[in-house]
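Below is a structure I'd like to ask you about.
Values in this text are rule-based calculations from the coordinates and carry no lab data. Values in this document were obtained by computation on a predicted structure and should not be read as measured data. Cβ placement follows ideal geometry from the backbone for every residue including glycine, while neighbour counts extend to all protein chains displayed.
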């Protein structure tokens, strides 16, 4: 479809013209000419109607949770309640200036303070920082806290243990703290191999970053031994909260011995993913790590009942962003927890675990699981046996689109020999049984097609606004702006610029 | 529970199909010792109407921010947001979807990101744009790390007029890497080229300068870039007030190497400081060291023009510990917002709004100076924020403004605790103020 730039007509405007009563103020009198651009920056010239139609049309080329099942593993694409959006959008939250005096923002501060307490109870931790903007940002915060802790104790630890099933962000975050990453192999049960772990853990090692249940969807049955191995050698245990949706009211990372956790509020806590954010990656710690949290934190002055920003002190890792956190995401999280209460939270995890095991039970005959055992809130199948029909797991995913589903996560996790050609399915609690039955029947139908009519898969998708994309060409000849395209105009032979859908 | 469709009957059926007699059986791999044996100690579930009342009760403890126009900016600016943008952002297809890994189901998001990259490229005259890092501070820190990877040098020079939170964030990000950070001393409203010359050496990876700077001042970027390049270092320009891009010379036209730009002013709520958004822009030659996601154009099997996430060999899900950054989820919905905002404003709108910001700020400064209650500590060219010294009691001034429904300006002393700044106020004036309001403010403060 046409770019907004291609809909431009000289002279059109899409903004409401402000009234300028300031002819007495002259630009050139106050700013040297050399600091100014000679001509107006060339953007678009379109009307408000053009903009509304353009983006409404664009929206129809997207697929969201409200459109149907979105079973991306480790992403927890659950329903985003409308009341949460309304609460976050309350004018006196959304218009609050971050540097106005604490006296003016007592409501915002109280919400942060109370959310900290709620999250501590849910996860068994002692204190949260609301600053991190995403899961990976939380990981960076967490590993910096661990780093600072050891420096403060005069220890130079430089290695971080990370299971082969971990998200890519774990090793990337550890590298940002200048830790050397040591990969720990998964055992035949799909969980951390205790022997490898105790072999790798030593006095130069910071600790272990663990997702539990892990990315294969399996609870680590060795969690007690794991924490003992790490703590016996003076290390710290990091909890990647991407999969917390399997744990609410069932198991708390704090009780299982984790010292630092990050939570993806945009996963377990129902805040929307927004097409890739903004989310929030709040970090919780045990009391001995509180002095290292990013500064500031919100505190309550008991005598006056007033909330204020408290400097964390000289041991703090410092600031990791401007201002205090992704506040509107915190409001949605707060609203969600209060809506559900303790029973509701437990029911979420329960329903999501039943959903995932149901999908696993119904599909394992058709798509061999990476590990044939009960899973947490997501299950990991594989598309291995369709290779002999010339079918890749990617083809299965693309074919699902023709049936109106968003595909699950594919090719992740990846580790030999158990997890390759993986299809990681996470059907959160907000998916009812009949939706799962539809999905299951579709997956079974696709397995039949793969054997009998593989072309249906390799040519898929056909019912989407576009067909498969040439990703290699995008890298070989990067066109990253409209002006890049204009420069290459003569080389590009597009069939059509308008997507008909 | 209204967010969980399956009934307990249906769950029982599912458990039967799974082949277990109870839900507990599915949890058998969790050791008994670490299981939670009590109910979470949380308040009981609230019905929706009570939830709303509860949160209304909390928000009422805030000042009436909606009605109070801020005379404070300092990294977060209240601009007018067109209703058309807000309405479009309500489309669930934009906000309930995930990162656009499947291009066949995400062309809406992908094309909008591509358009945003194109918009920012035109505004900055930079060749490549990473559309979304979390905020200006983290984007600046990523730019610094990028400059170290590009130059393999070990020193970073920071202007004292870089936003204090940004300076702190750089220090946090860089701390593990054994990098020397030199913060130039503060002199007046501009970064000192002489001081910079003294600090620059062969081992300098980059110099970081914000323009307009924390005091609103427009820096002589061209001059500092030249000095920087003479020393084979990279120049990072930080833009905190993106509205200034409507008037000020584009970084790309001044040979800036990397731009980190906070786009909160492009259609984003203040939201008590977040979520906002920032872009990173650079030259094509530095593309391999960029952190974060980028969208490119290609063809589909039918030969149609389509958009995909590209140049992904830099990213964490592929490169793991060798990635250029750990960033994964960013602030894409705020990219969507920025793109809609810039589409609505267009060539003429951005220019007019930008010019009005300039005019209104300068008008207020003139009026305040006229009153005799204010003095200008040191003059410098600025965009929409200016520093001014107040002769009277600052506490009184603050009260008077609040009583009259204005959020007071920033006392810069909290960030620059030098005696000369005891009475200094940093005013931000955007297009949202009318001439009458500005007159009212200057009258209020001239009494």
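Roughly how many Å is it from the Cα centre of the range B:399-421 to that of the range A:12-88, as a whole number?
What the calculation gives is 31 Å, centre to centre.
Can you say what percent of the DSSP beta bridges in the protein assembly as shown, counting only those with both residues inside, are antiparallel? Round to 5.
60 percent
Here is a follow-up. Which value in Å is the Kirkwood Rh of the range A:105-338 over different Cα pairs?
It is 17.7 Å.
At a 10 Å Cβ-Cβ cut-off, how would you order A:51, A:283, B:20, fewest neighbours first? Working shown, then result.
Working: A:51 26, A:283 30, B:20 17.
Ordered by Cβ neighbours within 10 Å, fewest first: B:20, A:51, A:283.
Distance between the C-alpha centers of the range A:321-399 and the range A:428-472? Whole Å please.
17 Å
What's the center-to-center distance, using Cα atoms, between the range B:132-175 and the range A:211-288 in Å?
If you average the Cα positions of each part, the centres end up 29 Å apart.
Consider all pairwise Cα distances in the range A:62-131 and report the whole-number % of them above 17 Å.
64 percent
Another question, if that's okay. What number does the range B:3-116 give for Rg over Rh if you use C-alpha atoms and the Kirkwood radius?
Numbers: Rg = 23.6 Å, Rh = 21.0 Å.
Answer for the range B:3-116: 1.12.
For residue A:288 and residue A:459, calculate 0.36 nm times their separation in residues minus their Cα-Cα distance, and state this gained length in nm to one decimal.
On the way: separation 171, 0.36 × 171 = 61.56 nm, distance 5.65 nm.
Additional length available on full extension: 55.9 nm.
Shifting gears a bit: Indicate the gyration tensor shape class of the range A:302-421 (rounded, prolate or oblate), computed on the Cα atoms with a ≥ b ≥ c the square roots of the eigenvalues: a/c under 1.5 is rounded; otherwise a/b larger than b/c is prolate and the rest oblate.
Prolate, because a/c is 1.5 or more and a/b exceeds b/c.
What is the pair-distance distribution P(r) of the range A:340-479, computed from all Cα-Cα distances in 10 Å bins starting at 0, with each bin given as a whole percent?
Pairs per bin, as whole percents: 12, 38, 32, 14, 4, 0.
Would you mind giving the mean number of other chain beta-carbons within 10 Å of the Cβ of each residue in A:427-439, as a whole number?
Counting Cβ atoms of other protein chains within 10 Å of each residue's Cβ and averaging gives 3.
Here's another thing I want to ask about it. Classify chain A as rounded, prolate or oblate, taking a ≥ b ≥ c as the square roots of the eigenvalues of its Cα gyration tensor: rounded when a/c is under 1.5, otherwise prolate if a/b is larger than b/c and oblate if not.
Oblate.
May I have the extent of the alpha carbons of the range B:276-410 along their three principal axes, as whole Å values ordered from largest to smallest?
The Cα atoms of the range B:276-410 stretch 69, 38, 31 Å along their principal axes.
So what's the Cα pair-distance distribution over chain B, bin width 10 Å, in %?
Distribution as computed: 4, 18, 25, 23, 16, 9, 4, 1, 0 percent.
Quick one: compute the contact order of the range A:61-203, relative version, from alpha carbon pairs under 8 angstrom and 6+ residues apart, as a percent. Walk me through the numbers before you get to the answer.
Details: 92 pairs, mean separation 18.1, N = 143.
Taking the mean separation of contacting Cα pairs over the length of the range A:61-203, I get 13 percent.
Would you work out the relative contact order for the range B:83-341, in percent, from Cα pairs under 8 angstrom that are 6 or more residues apart?
Values: 506 pairs, mean separation 68.0, N = 259.
The normalised contact order for the range B:83-341 reaches 26 percent.
Let me ask you something else. Just from its helices, what would the mean residue ellipticity at 222 nm be for chain B, if runs of 4 or more DSSP H residues each count -39500 (n - 2.57) and the sum is divided by every residue, rounded to the nearest 500 deg cm²/dmol?
-11500 deg cm²/dmol
Considering only chain A, what is the antiparallel percent among its DSSP beta bridges, to the nearest 5?
That works out to approximately 55 percent antiparallel.
Counting only Cα, what are the radius of gyration and maximum Cα-Cα distance Dmax of the range B:83-341, in Å?
Radius of gyration, then largest Cα-Cα span, for the range B:83-341: 18.2, 61 Å.
Follow-up. Would you please put A:423-433, B:404-414 in order of how densely packed they are, using the mean number of other Cβ atoms within 10 angstrom per residue and starting with the highest? Walk me through the intermediate numbers first.
Working: A:423-433: 26.0, B:404-414: 19.5.
Going by the mean number of other Cβ atoms within 10 Å, highest first, we get A:423-433, B:404-414.
Ranked from highest to lowest mean number of other Cβ atoms within 10 Å per residue, what is the order of the peptides B:224-233, B:387-396, A:248-257? Don't jump to the answer; show the numbers that get you there.
Details: B:224-233: 17.8, B:387-396: 15.4, A:248-257: 22.1.
Listed from highest to lowest mean packing, they are A:248-257, B:224-233, B:387-396.
Using DSSP, restrict attention to beta bridges with both residues in the range A:105-338 and report what percent are antiparallel, rounded to the nearest 5.
DSSP beta bridges in the range A:105-338 are roughly 45 percent antiparallel.
Now for a different question. Can you tell me how the protein assembly as shown classifies by the Cα gyration tensor, rounded, prolate or oblate, using a/c under 1.5 as the rounded cut? Please list the in-between numbers first.
Numbers: a/c = 1.63, a/b = 1.40, b/c = 1.16.
Taking the square roots of the gyration eigenvalues as a ≥ b ≥ c, the protein assembly as shown is prolate.
Partner chain Cβ atoms within 10 Å, averaged over the residues of B:124-132 - can you pull that number for me?
2
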